[in-house]
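The values are calculated or read from the model by the stated rules, or taken from the named source; none is laboratory data. Bear in mind the structure is a predicted one, so any value in this text is a computation, not a measurement. Cβ placement follows ideal geometry from the backbone for every residue including glycine, while neighbour counts extend to all protein chains displayed.
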Amino acid sequence: MTDGPAHAHAMDGPAPLPHDLLWLADPAAFVAGHAAGALPAWASAAWLAQAPLVVRRARAGADGRIPVGLRGATRAQRHAAWLPAAQVARAVTPRMIARQARWHDHPRRAALPALAALARAAPVLDAMQVDWGVTGSVGFSLASGLDLLHEGSDLDLLVTAAAPLAPHAERMLAALLGDPRLDIQVGTPRGAFALRERARTGGRVLLKTADGPVMCDDPWLAPAARPRAP
(Lines give C-alpha, C1' and ligand atoms only; values in the text may rest on other atoms or scores of the structure.)
Protein backbone atom coordinates (compact mmCIF):
# COMPACT_ATOMS: atom_id res chain seq x y z
CA MET A 1 0.00 0.00 0.00
CA THR A 2 1.85 3.07 -1.20
CA ASP A 3 0.34 6.48 -1.74
CA GLY A 4 3.07 9.01 -2.40
CA PRO A 5 5.07 10.91 0.22
CA ALA A 6 3.48 10.98 3.65
CA HIS A 7 4.33 14.68 3.94
CA ALA A 8 2.57 15.71 0.74
CA HIS A 9 -0.70 16.65 2.46
CA ALA A 10 -1.00 20.29 3.57
CA MET A 11 -3.71 21.42 5.95
CA ASP A 12 -5.79 23.22 3.34
CA GLY A 13 -8.87 20.97 3.44
CA PRO A 14 -11.06 19.61 6.20
CA ALA A 15 -10.36 20.39 9.83
CA PRO A 16 -7.81 18.06 11.41
CA LEU A 17 -9.09 15.05 13.32
CA PRO A 18 -7.84 13.40 16.52
CA HIS A 19 -4.55 11.53 15.96
CA ASP A 20 -3.60 13.60 12.89
CA LEU A 21 0.01 14.79 12.99
CA LEU A 22 0.68 18.47 12.27
CA TRP A 23 4.01 20.14 11.51
CA LEU A 24 4.60 23.77 12.44
CA ALA A 25 5.14 26.45 9.83
CA ASP A 26 7.30 28.50 12.22
CA PRO A 27 8.44 26.59 15.32
CA ALA A 28 10.36 29.57 16.71
CA ALA A 29 7.26 31.78 16.55
CA PHE A 30 5.15 29.06 18.18
CA VAL A 31 7.57 28.77 21.10
CA ALA A 32 7.96 32.54 21.39
CA GLY A 33 4.18 32.95 21.45
CA HIS A 34 3.98 31.17 24.81
CA ALA A 35 4.78 32.85 28.08
CA ALA A 36 8.03 31.86 29.78
CA GLY A 37 7.60 28.45 31.37
CA ALA A 38 4.35 27.74 29.52
CA LEU A 39 6.08 25.08 27.44
CA PRO A 40 8.40 22.45 28.93
CA ALA A 41 12.11 22.89 28.31
CA TRP A 42 12.26 19.93 25.92
CA ALA A 43 9.69 21.58 23.61
CA SER A 44 12.28 23.73 21.91
CA ALA A 45 12.03 25.25 18.45
CA ALA A 46 14.74 22.86 17.28
CA TRP A 47 12.75 19.83 18.46
CA LEU A 48 9.45 21.12 17.07
CA ALA A 49 11.07 21.70 13.70
CA GLN A 50 11.29 17.89 13.44
CA ALA A 51 8.53 16.56 15.68
CA PRO A 52 4.88 16.92 14.68
CA LEU A 53 2.08 17.85 17.07
CA VAL A 54 -0.73 15.36 17.66
CA VAL A 55 -4.34 16.55 17.41
CA ARG A 56 -6.16 15.95 20.72
CA ARG A 57 -9.82 14.95 21.04
CA ALA A 58 -11.32 18.23 22.20
CA ARG A 59 -13.38 21.03 20.70
CA ALA A 60 -11.49 23.69 18.78
CA GLY A 61 -10.91 26.97 20.59
CA ALA A 62 -13.29 29.88 20.06
CA ASP A 63 -10.64 31.51 17.90
CA GLY A 64 -10.23 28.40 15.77
CA ARG A 65 -7.12 27.15 17.53
CA ILE A 66 -6.53 23.41 17.27
CA PRO A 67 -6.16 21.28 20.43
CA VAL A 68 -2.83 19.48 20.15
CA GLY A 69 -0.43 17.45 22.21
CA LEU A 70 3.35 17.87 22.09
CA ARG A 71 5.46 14.72 22.28
CA GLY A 72 9.09 14.59 23.31
CA ALA A 73 11.70 11.88 23.04
CA THR A 74 10.42 9.95 26.09
CA ARG A 75 7.03 8.77 27.30
CA ALA A 76 7.15 11.25 30.17
CA GLN A 77 7.50 14.18 27.78
CA ARG A 78 3.92 15.12 26.90
CA HIS A 79 2.28 18.54 26.96
CA ALA A 80 -1.15 19.85 25.89
CA ALA A 81 -1.29 23.06 23.88
CA TRP A 82 -3.34 25.03 21.36
CA LEU A 83 -2.22 25.61 17.79
CA PRO A 84 -3.27 28.52 15.57
CA ALA A 85 -4.55 27.05 12.31
CA ALA A 86 -2.25 29.37 10.35
CA GLN A 87 0.74 27.59 11.92
CA VAL A 88 -0.03 24.28 10.22
CA ALA A 89 2.49 23.66 7.45
CA ARG A 90 1.52 20.07 6.64
CA ALA A 91 -0.39 17.16 8.06
CA VAL A 92 -0.28 13.38 8.05
CA THR A 93 -3.26 11.23 8.96
CA PRO A 94 -3.10 7.74 10.49
CA ARG A 95 -4.49 6.33 7.25
CA MET A 96 -1.64 7.92 5.26
CA ILE A 97 0.90 6.29 7.58
CA ALA A 98 -0.73 2.91 6.94
CA ARG A 99 -0.72 3.44 3.19
CA GLN A 100 2.95 4.35 3.22
CA ALA A 101 3.86 1.04 4.91
CA ARG A 102 7.26 2.40 5.91
CA TRP A 103 7.67 -0.24 8.58
CA HIS A 104 8.87 -2.58 5.83
CA ASP A 105 11.97 -0.42 5.39
CA HIS A 106 12.60 0.46 9.03
CA PRO A 107 16.25 -0.30 9.87
CA ARG A 108 15.28 -1.94 13.20
CA ARG A 109 12.12 -3.71 12.07
CA ALA A 110 13.46 -7.13 13.08
CA ALA A 111 14.31 -5.95 16.60
CA LEU A 112 11.07 -4.12 17.42
CA PRO A 113 8.06 -6.27 18.40
CA ALA A 114 5.65 -3.42 17.66
CA LEU A 115 6.75 -3.31 14.02
CA ALA A 116 6.54 -7.09 13.77
CA ALA A 117 2.97 -6.87 15.11
CA LEU A 118 2.17 -4.19 12.53
CA ALA A 119 3.57 -6.32 9.71
CA ARG A 120 1.27 -9.17 10.81
CA ALA A 121 -1.84 -7.03 11.29
CA ALA A 122 -1.60 -4.93 8.12
CA PRO A 123 -2.45 -7.68 5.60
CA VAL A 124 -5.45 -8.72 7.70
CA LEU A 125 -6.77 -5.16 7.89
CA ASP A 126 -6.15 -4.58 4.18
CA ALA A 127 -7.99 -7.80 3.30
CA MET A 128 -10.93 -6.68 5.42
CA GLN A 129 -11.01 -3.40 3.48
CA VAL A 130 -11.56 -1.37 6.63
CA ASP A 131 -10.46 2.24 6.97
CA TRP A 132 -7.47 1.85 9.27
CA GLY A 133 -4.40 3.78 10.33
CA VAL A 134 -1.43 3.82 12.67
CA THR A 135 -1.33 6.11 15.72
CA GLY A 136 0.66 6.37 18.94
CA SER A 137 4.43 6.14 19.12
CA VAL A 138 4.69 3.87 16.08
CA GLY A 139 2.73 6.27 13.89
CA PHE A 140 4.66 9.24 15.24
CA SER A 141 8.02 7.60 14.51
CA LEU A 142 7.10 6.31 11.06
CA ALA A 143 5.69 9.66 9.94
CA SER A 144 8.41 11.88 11.39
CA GLY A 145 11.47 9.70 10.83
CA LEU A 146 12.39 10.20 14.49
CA ASP A 147 13.29 6.70 15.63
CA LEU A 148 11.96 6.77 19.19
CA LEU A 149 10.75 3.17 19.34
CA HIS A 150 12.09 0.55 21.73
CA GLU A 151 11.43 -3.10 22.50
CA GLY A 152 8.64 -2.20 24.92
CA SER A 153 6.78 0.08 22.50
CA ASP A 154 3.12 -0.78 21.93
CA LEU A 155 1.23 -0.67 18.65
CA ASP A 156 -1.86 1.55 18.50
CA LEU A 157 -4.19 1.30 15.51
CA LEU A 158 -7.28 3.28 14.55
CA VAL A 159 -10.18 1.77 12.62
CA THR A 160 -12.65 4.39 11.43
CA ALA A 161 -16.22 3.17 10.92
CA ALA A 162 -19.02 5.54 9.97
CA ALA A 163 -21.57 2.78 10.62
CA PRO A 164 -21.57 -0.13 13.08
CA LEU A 165 -19.14 -2.89 12.20
CA ALA A 166 -20.63 -6.15 11.00
CA PRO A 167 -20.40 -8.82 13.74
CA HIS A 168 -17.97 -10.95 11.72
CA ALA A 169 -15.75 -7.93 11.04
CA GLU A 170 -15.74 -7.03 14.72
CA ARG A 171 -14.76 -10.60 15.58
CA MET A 172 -11.92 -10.55 13.03
CA LEU A 173 -10.60 -7.30 14.48
CA ALA A 174 -10.92 -8.61 18.02
CA ALA A 175 -8.88 -11.66 17.04
CA LEU A 176 -5.93 -9.36 16.37
CA LEU A 177 -6.02 -8.37 20.04
CA GLY A 178 -4.56 -11.73 20.91
CA ASP A 179 -1.28 -9.87 20.57
CA PRO A 180 -1.03 -8.08 23.95
CA ARG A 181 1.16 -5.41 22.39
CA LEU A 182 -1.58 -4.31 19.99
CA ASP A 183 -4.56 -2.07 20.74
CA ILE A 184 -7.29 -0.99 18.36
CA GLN A 185 -9.39 2.12 18.80
CA VAL A 186 -12.58 2.34 16.75
CA GLY A 187 -13.54 5.82 15.61
CA THR A 188 -17.22 6.60 15.05
CA PRO A 189 -18.98 9.86 14.12
CA ARG A 190 -19.62 10.30 17.88
CA GLY A 191 -16.15 9.58 19.25
CA ALA A 192 -13.87 6.59 19.72
CA PHE A 193 -13.74 3.50 21.91
CA ALA A 194 -11.32 0.70 22.71
CA LEU A 195 -12.16 -2.50 20.84
CA ARG A 196 -10.62 -4.55 23.64
CA GLU A 197 -13.17 -3.12 26.07
CA ARG A 198 -16.08 -3.84 23.73
CA ALA A 199 -14.88 -7.42 23.25
CA ARG A 200 -14.79 -7.83 27.03
CA THR A 201 -18.20 -6.29 27.80
CA GLY A 202 -20.09 -7.43 24.72
CA GLY A 203 -21.25 -3.89 23.96
CA ARG A 204 -21.04 -1.19 26.64
CA VAL A 205 -17.94 0.99 26.27
CA LEU A 206 -16.39 4.24 27.40
CA LEU A 207 -16.72 6.53 24.39
CA LYS A 208 -14.15 9.32 24.12
CA THR A 209 -15.83 12.43 22.73
CA ALA A 210 -14.79 16.02 22.18
CA ASP A 211 -16.70 16.90 25.35
CA GLY A 212 -15.17 14.16 27.48
CA PRO A 213 -15.76 10.43 28.05
CA VAL A 214 -19.26 8.94 28.32
CA MET A 215 -20.46 5.37 28.91
CA CYS A 216 -22.72 4.09 26.15
CA ASP A 217 -24.17 0.89 24.74
CA ASP A 218 -24.07 2.02 21.11
CA PRO A 219 -21.04 4.20 20.24
CA TRP A 220 -22.61 5.09 16.90
CA LEU A 221 -25.54 6.88 18.55
CA ALA A 222 -25.37 10.29 20.18
CA PRO A 223 -24.33 9.65 23.79
CA ALA A 224 -26.46 10.81 26.67
CA ALA A 225 -25.22 13.65 28.81
CA ARG A 226 -22.48 12.70 31.21
CA PRO A 227 -23.72 12.15 34.76
CA ARG A 228 -22.97 14.94 37.19
CA ALA A 229 -20.19 14.31 39.66
CA PRO A 230 -21.52 13.59 43.18
Kindly provide the set of residues from region 4-38 that are touching a helix residue (DSSP H, G or I) at 6+ places or on another chain (Cβ under 6 Å) and either surrounded by fewer than 20 Cβ atoms within 10 Å (Cβ to Cβ) or modelled with pLDDT under 95 (or both), ordered by number.
-> ALA6, ALA25, ALA28, VAL31
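Look at ASP154 and say whether it is surrounded by 12 or more Cβ atoms within 10 Å (Cβ to Cβ), among the acidic types (Asp, Glu) and touching an Asp or Glu at 6+ places or on another chain (Cβ under 9 Å). Full working, then the answer.
Values: surrounded by 12 or more Cβ atoms within 10 Å (Cβ to Cβ): yes; among the acidic types (Asp, Glu): yes; touching an Asp or Glu at 6+ places or on another chain (Cβ under 9 Å): yes.
Answer is yes for this residue.
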Taking MET1 as the residue in question, decide whether it is surrounded by 15 or more Cβ atoms within 10 Å (Cβ to Cβ), at pLDDT below 95 and assigned to a loop (DSSP other than H, G, I, E, B).
-> no
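On the given criteria, is PRO40 assigned by TED's automatic domain parsing to the domain that holds LEU83 and farther than 11 Å from LEU83 by Cα?
Values: assigned by TED's automatic domain parsing to the domain that holds LEU83: yes; farther than 11 Å from LEU83 by Cα: yes.
Against the criterion (assigned by TED's automatic domain parsing to the domain that holds LEU83 and farther than 11 Å from LEU83 by Cα), PRO40 qualifies.
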Go through the residues of region 138-158 one by one and say whether even a single one is more than 30 Å from TRP47 (Cβ to Cβ) and modelled with pLDDT of 95 or more.
-> no
Working only within region 92-126, note down all residues that are buried (at least 22 other Cβ atoms within 10 Å of the Cβ) and farther than 17 Å from ASP179 by Cα.
-> VAL92, THR93, PRO94, MET96, ILE97, ALA98, TRP103
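Just checking, how many residues over region 207-219 are buried (at least 17 other Cβ atoms within 10 Å of the Cβ) and within 19 Å of the chain's Cα centre (by Cα)?
So in region 207-219, the residues buried (at least 17 other Cβ atoms within 10 Å of the Cβ) come out as 207-209, 214, 216, 219.
Among the residues that remain, those that are also within 19 Å of the chain's Cα centre (by Cα) are: 207-209, 219.
Selection size over region 207-219: 4.
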Just give me the residues in region 50-68 being surrounded by 13 or more Cβ atoms within 10 Å (Cβ to Cβ) and either of a type outside the set (A, V, I, L, M) or not in a strand (DSSP E or B) (or both), in sequence order.
-> ALA51, PRO52, ARG56, ARG57, ALA58, ALA60, GLY61, ARG65, PRO67
